[in-house]
1. Please check: in the Gaussian network model of the chain (C-alpha springs, under 10 Å), which one of 172, 104, 123 has the largest mean-square fluctuation.
2. With an 8 Å Cα cut-off and a minimum separation of 6 or more residues, compute the relative contact order for the chain in percent.
3. Could you work out which residue, out of 173, 91, 72, moves most in a Gaussian network model of the chain, that is, has the largest mean-square fluctuation with Cα springs under 10 Å?
4. For the chain, what does -39500 (n - 2.57) per DSSP helix run (n ≥ 4), summed and divided by total residues, give at 222 nm, in deg cm²/dmol to the nearest 500?
5. Mark the label point 7 Å from the Cα of residue 103 along Cα→Cβ and return the residues of segment 12-51 whose backbone N is within less than 20 Å of it.
6. What is segment 1-110's relative contact order, in percent, from Cα pairs under 8 angstrom and six or more apart in sequence?
7. What angle do you read, to the nearest 10 degrees and between 0 and 90, between the alpha-carbon axis of helix 122-133 and the longest principal axis of the chain?
8. With only alpha-carbon pairs counted, each pair once and no self-pairs, how large is the Kirkwood hydrodynamic radius of the chain in angstroms?
Amino acid sequence: MAQKRPSFVSIRRRQRNIIEGMGTRDLKFGETAKQFGVTPHDLEHFLTTRPKTLRKSFNRNPANVRLWQTGDRKEVRKALGVSRIRVYEHDETEITSRARKLTDADLQIGRMIQRVYIKNNEDAQQWSIYTREHDLPNSILHLRLLYHNGRITRAEYRAALRAWKAKYGVSDDYYNDFVGEDFDSEEDDED
């Protein structure tokens, strides 16, 4: 028998608990999914789908029910083996404020939590999820600096730039201007 659907507020709170737990332990989707006994795809779907949308199809996926049940703060602490879960700032004005110095991880978790609460700023939220999963900085300029200093490979840099273009909806002209400096002379050597 299907469980009664929880409210979208309850789903949102459970999503936030899991995201903050991931941030506290500095885990990615795969590692966290293993802790909760679901697939990484199911966990990512549960955490990145808007609560109202998730509520509509809540009982169709048993992983949603399982994640909601173990998304209680006490259960998340137990599953992840932490005594306290850190609360992350998710308000955009606080995230971008110059008064506070946030690490990339704090920014990425804040944007993931933001996705649960608000619909605007979606491209930045998607980019933060991508960069967190691939251990990259959130700033495209920092990413370029890593490439120029030889800290990431050309293939990793190209993949990240393609994802950046897709997630932010960057125009071809702007993208070509941005990447032109990095790949113009080297393109001929490899192709």
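Rule-based calculations on the coordinates, nothing more; no lab input. Predicted model, so just to flag it, every value in this text is computed and none were measured. Note that each Cβ is placed from the backbone with ideal geometry, even for glycine, and that neighbours are counted across all protein chains shown.
1. Evaluated over the chain, the most mobile residue of the options is 172.
2. Details: 173 pairs, mean separation 37.4, N = 191.
Once normalised by length, the contact order is 20 percent.
3. Maximum among the listed residues: 173.
4. On the way: 12 runs with 132 residues, N = 191.
So the calculated ellipticity at 222 nm is -21000 deg cm²/dmol.
5. It comes to 17-32, nothing else.
6. Details: 99 pairs, mean separation 37.2, N = 110.
The normalised contact order for segment 1-110 reaches 34 percent.
7. Helix 122-133 sits at roughly 90 degrees to that axis.
8. Details: mean 1/r = 0.0552 Å⁻¹.
So the Kirkwood estimate lands at 18.1 Å.
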